[in-house]
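The values are calculated or read from the model by the stated rules, or taken from the named source; none is laboratory data. Model, not experiment: these values are computed from the prediction. Note: ideal-geometry Cβ built from the backbone for every residue, glycine included; neighbour counts use all protein chains shown.
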Amino acid sequence: MKNFSDILKLLLVLVMPIGLGYFFRLARIFKDHETDVLRKFVIKICVPFLVFKNLYKTEISVLDQFFPSVFAFIVLCIIYIGSAYLLSLIISSGKRLQNTYAFAVSMGNYMFLGWGVVFSFYGEGAFTRSVFFTVFFWPVFLLGGFWLVHRQSISQKHGHSFVSILLRNGAPAFLAALLGIGFNLLHFQFPAPVYDLVDKFALFTIPMILLVIGLNFKLKMRSADFKIIVWASFTRLVGGIIVGVVAWLITRMFFAPDPLTVRVILMESIMPTAAMTVFFLDYTEMDRELLAGVITFSTLLSLVTIPMWYLIIEKYILTF
């Protein structure tokens, strides 16, 4: 278990790239469309390199944690989506605000900020389990989101089928995971220049992920939105640990998650609202400014709640 000074150092590792990204936003170094391009570069190029390298180098014995991790992720998302929908009916009587709250609470930043947190707090072994945990992120993200939208297909509106959206966004990282595991099992050795290229891309992926999070911050919030922003953030960052514990307990009824996998499940469960939640703005009625406020506020507040939950998980929950 890390001490307080260690936690502060880890927080600095997370905060500095995010802060740098926000500074670039204020300085207008990147315009909005350029930020979108950078985000796509990180998701479709950098992330697959990181996933591939990690699974290519991981110990074969760790692969038995694949199914517990995937199962826990699916259970966690089902609980979050169902409870967010029910809570949204209580939070507001307006459909627009209900939708915004439901999506903000349902969609957690498991892949990007979650990866950065898990890697920083627990290292490579936990990061491998975090990759397992999110390997089906896009299918679950899209299925859960479109369940909330109450539609089976979006092809009539935008000309893109569910499958095409899934392949375009999720295929690079998923293929990288399959290739990494496959080459690992085959004990295939890449030529040094090839592996060096993979390694270089993988090394700066997490800082780039955090930088992009900062580039998307919007600190100006309407005062009328603050109540829902706080409630949505509280639901994810504080109530989320209940969802994580339930997902862990259900998972261990069917699988044998090791201690590191349990830590990943619990830490991922208290991640803030995912920036990618804005994806669903095109498919249902939501308040864009309110959603941006929840994403920013929950991410900033998570920099306080994440170390708090780390200490509680290590000292109390894991002894349960």
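Considering the range 232-263 alone, what residues qualify as being hydrophobic (A, V, I, L, M, F, W, C), touching a residue at least 60 places away in the same chain (Cβ under 8 Å), part of a helix (DSSP H, G or I) and under 16 Å from residue 80 (Cβ atoms)?
Taking the range 232-263 as the starting set, the residues that turn out to be hydrophobic (A, V, I, L, M, F, W, C) are 232, 234, 237-238, 241-243, 245-250, 253-256, 260, 262.
Keeping just the survivors that are touching a residue at least 60 places away in the same chain (Cβ under 8 Å) gives 232, 237-238, 241, 243, 245-248, 250, 254-256, 260.
Checking which are part of a helix (DSSP H, G or I) leaves us with 232, 237, 241, 243, 245-248, 250, 260.
The answer is 232, 237, 241, 243, 245, 246, 247, 248, 250.
Residue by residue, here is whether (1) over 25 Å from residue 248 (Cα atoms); (2) free of Cβ contacts under 8 Å to residues at least 24 places away in the same chain holds:
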| site | (1), (2) |
| --- | --- |
| 273 | no, no |
| 278 | yes, yes |
| 283 | yes, no |
| 308 | no, yes |
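For the range 117-231, the helices (runs of 4 or more DSSP H) that sit wholly inside it and include 1 or more residues that are at pLDDT below 85 are 137-149, 155-158, 162-185.
The listed residues are 101, 110, and the only one of them that is of a type in the set (Ser, Thr, Tyr), under 18 Å from residue 239 (Cα atoms), in a helix (DSSP H, G or I) and touching a residue at least 24 places away in the same chain (Cβ under 8 Å) turns out to be 101. The set of residues in the range 260-296 that are more than 26 Å from residue 15 (Cβ to Cβ) and either under 12 Å from the mean Cα position of the chain (by Cα) or at pLDDT 95 or above (or both) comprises 261, 262.
For residue 291, the conditions (1) in contact (Cβ under 8 Å) with a residue 12 or more places away in the chain; (2) over 29 Å from residue 4 (Cα atoms); (3) surrounded by fewer than 23 Cβ atoms within 10 Å (Cβ to Cβ) are fulfilled apart from (3). Among residues of the range 73-84 that are under 9 Å from residue 243 (Cα atoms) and surrounded by 18 or more Cβ atoms within 10 Å (Cβ to Cβ), none has a beta-carbon under 7 Å from a residue that is modelled with pLDDT under 95 and among the basic types (Lys, Arg) at least six positions away or on a different chain. Tell me which residues, restricted to the range 264-283, are in contact with a Lys or Arg (Cβ under 8 Å, 6 or more places away or on another chain) and assigned to a loop (DSSP other than H, G, I, E, B). Residues satisfying the conditions are 270, 271, 272, 283. For the range 286-310, filtering for residues that are in a loop (DSSP other than H, G, I, E, B) and of a type in the set (S, T, N, Q) leaves 0. Here 219, 211 are screened, and the one residue that is touching a residue at least 24 places away in the same chain (Cβ under 8 Å) and within 18 Å of the chain's Cα centre (by Cα) is 211. Mind listing just one residue for me: the one in the range 52-72 that is over 18 Å from residue 173 (Cα atoms) and among the β-branched types (Val, Ile, Thr) and, of those, surrounded by the fewest Cβ atoms within 10 Å (Cβ to Cβ)? Here the answer is 60.
Among the residues making up the range 100-126, those that are in contact with an Asp or Glu (Cβ under 6 Å, 6 or more places away or on another chain) and either more than 20 Å from residue 15 (Cβ to Cβ) or hydroxyl-bearing (Ser, Thr, Tyr) (or both) are 100, 110. Looking only at the range 85-98, decide whether some residue is touching a residue at least 12 places away in the same chain (Cβ under 8 Å), surrounded by fewer than 24 Cβ atoms within 10 Å (Cβ to Cβ), of a type in the set (Val, Ile, Thr) and touching a Ser or Thr at 6+ places or on another chain (Cβ under 7 Å). The answer is no; no qualifying residue exists.
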